[in-house]
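Asker: Have a look at this one before I ask anything.
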Amino acid sequence: MTASFTLVSHQLCPYVQRVAISLIEKKVAFHRVYVDLSNIPDWFTALSPLGKVPVLNVDTGSEQVPLFESNAILEYLEDTLTPPLHPLDALKRAEHRSWIEYGSSVLDDIGGLYSASNAEIFDAKVVVLKHKFQRLESRLSEGNYFDGDHFSLVDTVFSPVFRYFDVFDQIDEFGILKSHSKVLNWRRALSERESTKTAVTEDYETLLFNFLKSKNSHLSKLIG
């Protein structure tokens, strides 16, 4: 029996976007439910032991199983649905999993950037992110995506990363992606992909801009 899916989401969560993109790429219908993480309801606590999104509620017809943590959800979708977004070769697949973790570390640094309380901490995060994207530049092959022309789970991870820069670019030129021609081509290709476009609500950029402005951080002061 085919399972049905409900994706418990927050509008700004990049980890939710990973799962949404994977589901869209696999052409799977799913229902979305949004949760206010500042006022977590009891039903969500029952689904998510860590109190975080995403949660994918899988209804098999005979039972409902809530899956939490984006990597676990992505692996389940890979195990059960086509087309595969992981490479078929075991070594290549393990390498991609390593770069998915790298993508999570980039998200952590982006969080540190927009939360930095002063210019010194902010500038240090800019340097860290420059180095991380330089490392990516040296890894990227020719083609539009992480590994050439095949869209993979690594691409689902970096699509939300580049969304932050769509908003950062409205604030100032921080030079993080500057001179990284392969990274910039990758960013462009991901932004044009239908799954990436539809993984978020139409007001995503406005919501993110307002979130950054409200942080009482160095970046929010730059916004004014």
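Coordinate-derived values only; no laboratory data. All of these numbers come straight from a predicted model, not from anything done at the bench. Positions of Cβ are backbone-derived with ideal geometry, glycine not excepted, and every protein chain shown enters the neighbour counts.
Asker: In whole Å, what are the extents of segment 1-46 along the principal axes defined by its C-alpha atoms, from largest to smallest?
Answerer: On the principal axes, segment 1-46 reaches 32, 25, 12 Å in Cα extent.
Asker: Here's another thing I want to ask about it. How large is the dipole of segment 83-138 about the Cα centre if only Lys and Arg carry +1 and Asp and Glu carry -1, each at its Cβ, rounded to the nearest 20 debye?
Answerer: On the way: 7 positive and 8 negative charges, 35 e Å.
It comes to approximately 180 debye.
Asker: Which whole number in µm²/s is D for segment 160-201 by Stokes-Einstein, with the Kirkwood Rh taken over Cα pairs at 37 °C and 0.692 mPa s? Can you show the working numbers first?
Answerer: Working: Rh = 11.1 Å.
Estimated via Stokes-Einstein, D reaches 296 µm²/s.
Asker: Another question, then. When Lys and Arg each count +1 and Asp and Glu each count -1, what net charge do the other residues less than 9 Å away from ARG193, Cβ to Cβ, add up to?
Answerer: -3
Asker: What does the net charge come to around GLN11 if you take all other residues with beta carbon closer than 14 Å to its beta carbon, with K and R at +1 and D and E at -1?
Answerer: Values: positive: ARG32, ARG163; negative: ASP36, GLU202, ASP203, GLU205.
For residues surrounding GLN11, the net value is -2.
Asker: Relative to 2.2 N^0.38 Å, what does the C-alpha radius of gyration of segment 140-224 come to as a ratio? Two decimals please. Display every interim value, and only then the final one.
Answerer: Working: Rg = 14.2 Å, N = 85, 2.2 N^0.38 = 11.9 Å.
Rounded to two decimals, the normalised Rg is 1.19.
Asker: If you scale each eigenvalue of the Cα gyration tensor by 5 and take the root, what three semi-axes come out for segment 62-219, rounded to whole angstrom and sorted largest first?
Answerer: Details: eigenvalues 154, 79, 46 Å².
Computed over segment 62-219, the values are 28, 20, 15 Å.
Asker: Equivalent-ellipsoid semi-axes (√(5λ), Cα gyration tensor) for segment 1-149, whole Å, largest first?
Answerer: On the way: eigenvalues 175, 113, 24 Å².
Equivalent ellipsoid semi-axes, largest first: 30, 24, 11 Å.
Asker: Which percent of Cα pairs goes in each bin when the distances of segment 73-141 are cut into 10 angstrom slices starting at zero?
Answerer: Values per bin, smallest distances first: 18, 37, 26, 16, 4.
Asker: Treating the beta-carbon of each Lys and Arg as +1 and of each Asp and Glu as -1, no other charges, what is the dipole magnitude of the chain about its Cα centre, to the nearest 20 debye? Could the numbers behind the result be given before it?
Answerer: Values: 23 positive and 30 negative charges, 81 e Å.
The calculated dipole for the chain is roughly 380 debye.
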